[in-house]
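What follows is a short report on a single structure.
Please treat every number below as a calculation from the coordinates, not as lab data. Note that this is a predicted model, so its numbers are computed, not measured. Don't worry about glycine lacking a Cβ; one is built from the backbone with ideal geometry, like all the others, and counts go over all protein chains shown.
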Amino acid sequence: MPATPVNYVSRSVIALANRHIDGGGVFHISAEAQKIDGIFERWNAVADTHLVLLPFDQWMARMKELQLAGHVLPAMPLLEAGRPKELPAVRFDFSRTHRELESFGIDAPQLDDELLGRWTRSMLERESELGDEGRPIDRNFG
């Protein structure tokens with residue numbers, strides 16, 4: 001699934017919960033459209049980061065090493081982005097959810113250089129607030 005800003009997800013959940021107070025719906029909340037390919041390559045360019053991009057198998061081995069060392073990493077979005085091309089992708093139909101959210105005035109964001117840059121700046125600004133638990137283990141992950 002595409003990277004999706006949490007503020008969009010939280011606004012969507014609240015709006016849908018208020019409309020469907022008795023339940024009865026299945027909703028796929030995500031930013032369906034993306035204007036960029038190669039999210040990590042764009043991240044390096046937009047945010048002036050220096051992530052070292054590893055082949056999928058090497059990256060998975062590094063994630064396993066970090067996990068065995070006791071680090072918890074939110075790796076699911078990264079697993080989809082780094083999925084080898086020969087593995088089939090899971091696809092969700094967002095159209096019904098997007099139509100309903102648009103009726104509330106909530107439009108799905110499109111991941112582009114501007115949004116990626118804002119997200120990165122926000123993350124780096126909050127890094128000092130997180131203390132040792134939130135500090136990157138190794139900004140290059142390699």
Can you sort ARG96, ARG91 by how many other beta carbons sit within 10 Å, fewest first?
ARG91, ARG96
Could you run the Karplus curve 6.51 cos²θ - 1.76 cosθ + 1.60 with θ = phi - 60° over the stretch 117-124 and give me ³J(HN,Hα) per residue in whole Hz, x for Gly and Pro?
x, 4, 4, 5, 4, 4, 4, 5
Can you work out ³J(HN,Hα) from phi for every residue in the stretch 51-64, in order, using Karplus 6.51 cos²θ - 1.76 cosθ + 1.60 and θ = phi - 60°, giving whole Hz and x for Gly and Pro?
5, 8, 8, 9, x, 3, 5, 5, 5, 4, 4, 5, 4, 5
